[in-house]
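This report refers to the structure that appears directly beneath it.
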Amino acid sequence: MEFVPAEDKATAIEYLARHGAAAAILAGGTDLMRQIARGDRKPDSVLYIGALRQLALVERQPGQGPRIGALATQRDLADCEIFSADYQALRQAAVSCGSCQSRNVGTLGGNLCNASPQADLVPALLVHDAVVTLESRERGARTLPLGEFIGGPASTSRLPDELLTGVDLDGSPPRTADTYIKVGRRGAMEVAIVGLAVRVTVSASGHTLDDIRIGVGGIGPKAFRATEAESILRGQSPSDELIRDAAAAVLRQAAPTDNVLATANYRIGLEPGILARGLKGCVERAGRLAG
């Protein structure tokens, strides 16, 4: 196996154009190195991009939401002031990833390309309409909504000659609050049995949901936006009955499954309470912003 350090983004993209089908891309290595050690992946070469600091920037864009470089680490996301108010779900999700040591090296791009159904960052990104940028020598840059990029466990729309270079989030309107709630078997160094992100924008009165977004992970084969549940709640004042209806819609869309972490029935029992807690907390915070 050949180890190839990329000097810059251009040389990385050029290498993938010639060898992408047989190469693995290495940044933090928290997933890839275990996959190679287990024999799950047997690349001819490993392209190391971890030194490309231009891909690790987190920037505010005038009139838009933040742009996050693919090599921003989970610690970068947890510590970034940009996510201290308007994008708290992403910060909370980053803090919940793995251990302190793994957060120091695990990257946003690696988390997305690994496409685990339990990935903490994905639900939090989905509620902010995240769009990924993929770059290649032949096609230049193309963008995809995150929900289309992730196809299922360990499956994405990234082509062998493409490099994921960044993720864009939409802006956060006034009177908006968001959160991420994770349930695992312990409080740290654990993958999600259920991970749920909620983002709400309330009316000027603070009583009605002008917008509602729900991102769900850990329940089924891939994280998703709970669009049916969102339709039930949007434009409404969220009563307990409506929240129960929305929770049932989430479970219909998710089709919960058993795995080594938990049974489908356990997840079904967890989800309504998590949704109610996340939604009510966001409505309360956004209502305070409404004055």
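Things to note:
- Only one of the numbered conditions (1) charged (D, E, K, R); (2) more than 20 Å from the chain's Cα centre (by Cα); (3) in a loop (DSSP other than H, G, I, E, B) is violated by Lys222, and that is (2).
- Test: Arg199 is buried (at least 24 other Cβ atoms within 10 Å of the Cβ) and either of a type in the set (Asp, Glu) or over 17 Å from Val95 (Cβ atoms) (or both): yes
- Scanning the stretch 117-163 for residues that are open to solvent by 10 Å² or more (accessible area, probe 1.4 Å), closer than 15 Å to Tyr15 by Cα and touching a strand residue (DSSP E or B) at 6+ places or on another chain (Cβ under 6 Å) returns Glu135, Asp161.
- Residue pairs meeting the criteria (Cβ under 9 Å; at least 6 apart or on separate chains; first in a helix (DSSP H, G or I) and open to solvent by less than 60 Å² (accessible area, probe 1.4 Å), in the stretch 247-260; second at pLDDT below 90 and not aromatic (Phe, Trp, Tyr)): Ala254/Gly220
- Pairs, first under 13 Å from Val183 (Cα atoms) in the stretch 90-101, second buried (at least 18 other Cβ atoms within 10 Å of the Cβ) and of a type in the set (D, E, K, R), C-beta under 6 Å, six or more apart: Ala93/Asp120; Ser96/Asp120; Ser96/Lys182; Cys97/Arg103; Cys97/Asp120
- In the stretch 175-196, of all residues being small (Gly, Ala, Ser) and in contact with a helix residue (DSSP H, G or I) (Cβ under 7 Å, 6 or more places away or on another chain), the one that is surrounded by the fewest Cβ atoms within 10 Å (Cβ to Cβ) corresponds to Ala177.
- Within the stretch 123-152, residues that are under 24 Å from Val191 (Cα atoms) and without any contact (Cβ under 8 Å) to a residue 12 or more places away in the chain sit with their Cβ atoms under 8 Å from residues that are in a loop (DSSP other than H, G, I, E, B) and open to solvent by 30 Å² or more (accessible area, probe 1.4 Å), at 6+ positions apart or across chains, in these pairs: Glu148/Ser157.
- Failed condition for Thr30, given (1) in contact with a helix residue (DSSP H, G or I) (Cβ under 7 Å, 6 or more places away or on another chain); (2) part of a loop (DSSP other than H, G, I, E, B); (3) open to solvent by less than 40 Å² (accessible area, probe 1.4 Å): (3)
- Looking only at residues of the stretch 96-116 that are among the hydroxyl-bearing types (Ser, Thr, Tyr) and part of a loop (DSSP other than H, G, I, E, B), we find that the one that is least open to solvent (accessible area, probe 1.4 Å) is Ser99.
The values are calculated or read from the model by the stated rules, or taken from the named source; none is laboratory data. Just so you know, these numbers come straight off a predicted model, no measurement behind them. Cβ sites come from the backbone with ideal geometry, for glycine too, and all protein chains shown count toward neighbours. Areas reflect the complete protein model, heavy atoms only, side chains present, ligands, DNA and RNA absent. Shrake-Rupley method; radii C 1.70, N 1.55, O 1.52, S 1.80 Å.
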